[in-house]
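Enquirer: Here's a structure for you.
The values are calculated or read from the model by the stated rules, or taken from the named source; none is laboratory data. Not measured: the values here are computed from a predicted model. Neighbour counts run over all protein chains shown; Cβ positions are idealised from the backbone, glycine included. Note: accessible area is taken over every heavy atom of the protein model, side chains too, but ligands, DNA and RNA are not part of it. Shrake-Rupley method; radii C 1.70, N 1.55, O 1.52, S 1.80 Å.
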Amino acid sequence: MKGEKMYSILSNIDSDIVDEATNYKTKKNTIRFLRSKWIAVAACLVLLMGTVSGLTIYAEAKEYKEAISFFNEYSLTTEGLSREEIKSIYRDITTNLFLYEKTAEVIQKSVGGYEIFQENPTPEDLENLWNYRNSSNNLFNHHPNTEDALYQFDYVEKYDDELKFDVYDKTIFTKSVDGEVAWSVDILNMVHEGYLESNDFIIVYGSTYSWSSTNTTYGRIAMISKDGKLIWDKTTSNGFKREYVSSVVYSDNSLAVFSRGDFKYLCFTKFDMDGNSTGFTKTEVGNYGIKAATKLGDGFLVQLNHSNTGDLLMKIAADGTAEDSFTYTSDNDLYFITDMIEYNGNIYLSAHSVSKLDPEESNEGGRDDISRVLNEIFNRKGWDISNTELTELMRNNFTAALLVCDPANGIPQTFYTVKGSFGAKLSISEEGSLLWNVESITDSFFSPMTSSFSIGGESYVYRYAFDSNGKIISQEKTGEIVQFRK
């Protein structure tokens, strides 16, 4: 298949090959067209797919015509190339050799991106954060400034006379609006993984409770009405010792339920709206966890994750069978995908990137995203660092990225970047625009004695709107504050 053709094209290219940029203005923001490091990054994104069948060599004129058609299909530039060079590049890519010196140069020139500039945090931003931190009940509230509904899971335990200790009893799922409880519903024997909200219902999903590793765990899924009534409640039975539901997609008046089986299989179960299973498929993928799933054409796109090998995107057909898979990396940067969505025929991936470590640098036990920041701190006497200095290190370490990819092969067509930020949620507005949330790192603190994180902080949320052609049409600073823990 086509994706393999772009694998490792730029692995040996000097990052300084292209170093020019053209500047232009939007109404409110300065956007720089990138022809530098980011082009090399986007162009060498690794796509793991199949291979293309061999080509029969025809007459020169016919081969040249095929080469031009291929260049047009993949938006490759022919600028400055002779007829023979065009054919040589065509043969180099379609035969998966990638040995011709001009191949990488052409692909590099053909992938462009845009850098979106944001202002650094202002004193007013820091003042608002101070007030936010010192207001009541805001420590773990990730959406303190929104008026949207908030959902909360609470576990209730009870004493087991036979086991002689407290065990899980039930989960209480609560909806609050403007700080007031609207309703709550009891769900028995469910350790939640997440929920899906639609206009007409809410799906809550996870697994059964297990107090011992020897116990069997099953997938759990429940439908709740918008006024808080439990409509149905189901437990999977697919023959696994351990199964948990990780993501649910509402599609064509049915539910596509994605679960993990025995830490080895990616499972797809189709449910009708009455909670009846109408189909099941499993694919062996190894020890990957499921981070997210979204609709893609008639099928789905599932994001898998492994702590050592990173993210893997898998295309799933409508019947649950795996079609293709691809992943993204580069020689210089690591990418952490946070959300994905299909919009106007393309795949949009929200992510943030960090520069790869040099061989002699410590990765702090695999914490690749903040290793360079931690190395800076640990090299200091007493690990002394102020919040202001740490925030600057964090902003220099992270860059938000929005990748616009061809759904057929995953190849990036263009991209947008915002320095000093995390890529966050993607959504579609009521007007049909694509919305991209970017979390601008505003303040941070070092917490070496906590077990769950080492660096925490807050970010202000910026929201960018794109039209159907991928053009930015608006930017707003929402006023929303979100916390991060790394």
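Enquirer: For D467 and I172, what is the calculated FRET efficiency with R₀ set at 35 Å and r taken between the beta-carbons, to the nearest 0.05?
Expert: Details: r = 42 Å, r/R0 = 1.21.
About 0.25, to the nearest 0.05.
Enquirer: Place a point 7 Å from the Cα of D186 along the Cα-to-Cβ direction; which residues of region 234-255 have their backbone N under 18 Å from it?
Expert: Only 234 pass the distance filter.
Enquirer: While we're on this one: Which whole number in µm²/s is D for region 416-486 by Stokes-Einstein, with the Kirkwood Rh taken over Cα pairs at 25 °C and 0.890 mPa s?
Expert: Working: Rh = 13.4 Å.
Approximately 184 µm²/s, per Stokes-Einstein.
Enquirer: Past 30 Å, Cα to Cα: identify those pairs from K264/K425; K226/K471; K264/K486; K234/K291; K102/K315; K158/K425, in the order given. Don't skip to the answer; put the middle values down first.
Expert: Numbers: K264/K425 28 Å; K226/K471 35 Å; K264/K486 27 Å; K234/K291 22 Å; K102/K315 32 Å; K158/K425 37 Å.
Correct reply: K226/K471; K102/K315; K158/K425.
Enquirer: Output the peptides 409-417, 352-360, 476-484 sorted from most to least packed, where packing is the average of other Cβ atoms within 10 Å over each peptide's residues. Working shown, then result.
Expert: Numbers: 409-417: 21.7, 352-360: 14.1, 476-484: 16.3.
Taking the mean over residues of other Cβ atoms within 10 Å, the ranking is 409-417, 476-484, 352-360.
Enquirer: Can you give me the distance in nm between label points at S75 and S447, each placed 7 Å from the Cα along the Cα-to-Cβ direction?
Expert: Here the modelled spin labels are 4.1 nm apart.
Enquirer: Test of understanding: what is the full-extension gain from M273 to N120, defined as 0.36 nm times their sequence separation minus their Cα-Cα distance? It would help to have the intermediate numbers written out before the result.
Expert: Numbers: separation 153, 0.36 × 153 = 55.08 nm, distance 4.76 nm.
The span from M273 to N120 would gain 50.3 nm if fully extended.
Enquirer: Let me ask another. Given a Förster radius of 51 Å and the C-beta distance between S254 and E360 as r, what FRET efficiency does 1/(1 + (r/R0)^6) yield to the nearest 0.05? Walk me through the numbers on the way to the answer.
Expert: Numbers: r = 53 Å, r/R0 = 1.04.
E between S254 and E360, to the nearest 0.05, is 0.45.
Enquirer: In what sequence, highest mean first, do 433-440, 151-158, 181-188 appear when ranked by Cβ atoms within 10 angstrom? Walk me through the intermediate numbers first.
Expert: Values: 433-440: 22.6, 151-158: 12.0, 181-188: 14.5.
Packing order, densest peptide first, comes out as 433-440, 181-188, 151-158.
Enquirer: If you find the alpha carbon centre of region 316-343 and of region 401-463, how far apart are they in angstrom?
Expert: That distance is 16 Å.
Enquirer: Further, regarding this structure: Could you give the length gained by full extension between K295 and D154, i.e. 0.36 nm per residue of separation minus their alpha carbon distance, to one decimal place? It would help to have the intermediate numbers written out before the result.
Expert: Details: separation 141, 0.36 × 141 = 50.76 nm, distance 2.98 nm.
Here the segment from K295 to D154 would lengthen by 47.8 nm.
Enquirer: In addition: Give me the distance in nm between label points sitting 7 Å out from Cα along the Cα-to-Cβ direction at N387 and S225, one decimal.
Expert: For the pair N387/S225, the computed spacing is 4.7 nm.
Enquirer: For S474 and S237 in one chain, what is 0.36 nm times their gap in residues minus the Cα-Cα distance, to one decimal in nm?
Expert: Working: separation 237, 0.36 × 237 = 85.32 nm, distance 4.77 nm.
The S474-S237 span can extend by a further 80.6 nm.
Enquirer: Calculate what fraction, in whole %, of the accessible area of region 271-321 sits on carbon and sulfur atoms when a 1.4 Å probe is rolled over the protein chains. Don't skip to the answer; put the middle values down first.
Expert: Details: 990 of 2260 Å².
Here carbon and sulfur together make up 44 percent of the probe-accessible area.
Enquirer: Over region 243-331, give the accessible area per residue in Å² for a 1.4 Å probe, as an integer.
Expert: Working: 3510 Å² over 89 residues.
Result: 39 Å² of accessible area for each residue.
Enquirer: K170: which aspartates and glutamates have alpha carbons under 16 Å from its alpha carbon, excluding same-chain residues fewer than 8 sequence positions away?
Expert: K170 reaches D154, E157, D160, D186, E193, D233.
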